[in-house]
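A.B. asks: Below is a structure I'd like to ask you about.
Derivation of every value follows stated rules applied to the coordinates shown; laboratory data play no part. Note that the structure is a prediction, hence the values are computed from the model and not measured. In this analysis, Cβ positions are derived from the backbone assuming ideal geometry, glycine residues included, and neighbour counts consider all displayed protein chains.
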Amino acid sequence: MAEKPKVVIVRAKGVFSGSRPEAARLQAMIIKGLCLLCSQNEPKEAVGQIFSPSDRIGIKINTIAGSRLSTPPELALALTSVLNLGGIPEKNMIIWDRTNRELREAGYPLQTSRDKLKIFGTDSAGAGYEQELYSFRNIGSLFSTIMTNFVTASISLAVLKDHGIAGITAGMKNYFGAIHNPNKYHDNHCDPFVAELCLCPPIRSRHRLTILDALLVQFHKGPSFHPSWAARYEGLIFGLDPVATDTVGWRIIEKLRAEKGLPSLREEGRPPAYLETARSLGLGENDPERIQIIEEEV
């Protein structure tokens, strides 16, 4: 019998200082999450189990919803510091998303120096989208050259939130920000498009790790920010199996919805069906009974 994929939830009560999360607490959460995920005691060993020092690592964040519901700079930078502890040179890391404007509005300082940590969007000079359309199953898209040329390994550092069409948006759907035409893939609750995009070789060959930002979870009325339906869950979710990780994220959204007396996504007619499609395509596990969930507090 195949070993159950492992998903780790790390929570830190009081991680927010005012409206911002504390960088030192975030670093401790990331170290704990990676060590538990990889069954290691030290971050160097955990990072080394997932990445090689020669890897060029792309950290795909999500800044589409503005500063109040984007991947916080404190979180992305804490992740780079942990990767650096694990032996990855800062110059081998890129924090990226679709546009420089969205990155700036979310509080990220743009950086393009070759010998330092890089932070920039696909619309930067020297980046852009591939010239040739990549066709695969129902996908026909131009991929960001950051994904295809700049990086050898990818982390989806995604915001966990409700999505009015897809049900949820998390680690897998975060890669809609790696193509030029995500608007084309929202029919039928984004199914099979999220799954098939993640099956495309430019993504599947590079994706190594999902980290879901569940510090503040938009559990209803997403994907834009609505404070009445957002909860400080104060958590990060780690997984090597992208389907299992998003499935655990879905369960957290359902729990928060139930606590507020809201119907389930299935009852609303918008469960994230693409997770079952992803399982059928061999991308991972979506049955909670077949996922090993580890919960820890720091």
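A.B. asks: Which one, I94, G33, I211, is farthest towards the positive end of the dipole of the chain when Lys and Arg carry +1 and Asp and Glu -1 on their Cβ?
C.D. replies: So the residue we want is I94.
A.B. asks: Using the per-residue mean of other Cβ atoms lying within 10 Å as a proxy for protection, in what order, highest first, do the peptides 114-123, 216-225 fall?
C.D. replies: My ranking of the peptides, most packed first, is 216-225, 114-123.
A.B. asks: Could I have the simple spin-label model distance between F136 and Q49, label points 7 Å from Cα toward Cβ, reported in nm to one decimal?
C.D. replies: 2.7
A.B. asks: Just the ratio, please: alpha-carbon radius of gyration of the range 6-297 over 2.2 N^0.38 Å, N its number of residues.
C.D. replies: Computed over Cα atoms of the range 6-297, the ratio equals 0.92.
A.B. asks: Using just the helices of the chain, give the 222 nm mean residue ellipticity in deg cm²/dmol: DSSP H runs with n ≥ 4 each add -39,500 (n - 2.57), and the total is spread over all residues, rounded to 500.
C.D. replies: It lands at -7500 deg cm²/dmol.
A.B. asks: Let me ask something else. Using a basic spin-label model with each label point 7 Å from the Cα along Cα→Cβ, how many nm lie between E90 and R251?
C.D. replies: In this crude label model, E90 to R251 measures out at 3.8 nm.
A.B. asks: Could you give the size of the charge dipole of the chain about its Cα centre, using +1 on the Cβ of each K and R and -1 on the Cβ of each D and E, expressed in debye and rounded to the nearest 20?
C.D. replies: The dipole of the chain has a size of about 460 debye.
A.B. asks: Let me ask you something else. Given the peptides 168-178, 195-205, 47-57, 94-104, arrange them by the average over their residues of other C-beta atoms within 10 Å, most packed first.
C.D. replies: 168-178, 94-104, 195-205, 47-57
A.B. asks: What relative contact order, as a whole-number percentage, does the range 6-297 give when Cα pairs under 8 Å and 6 or more residues apart are counted?
C.D. replies: Result for the range 6-297 is 22 percent.
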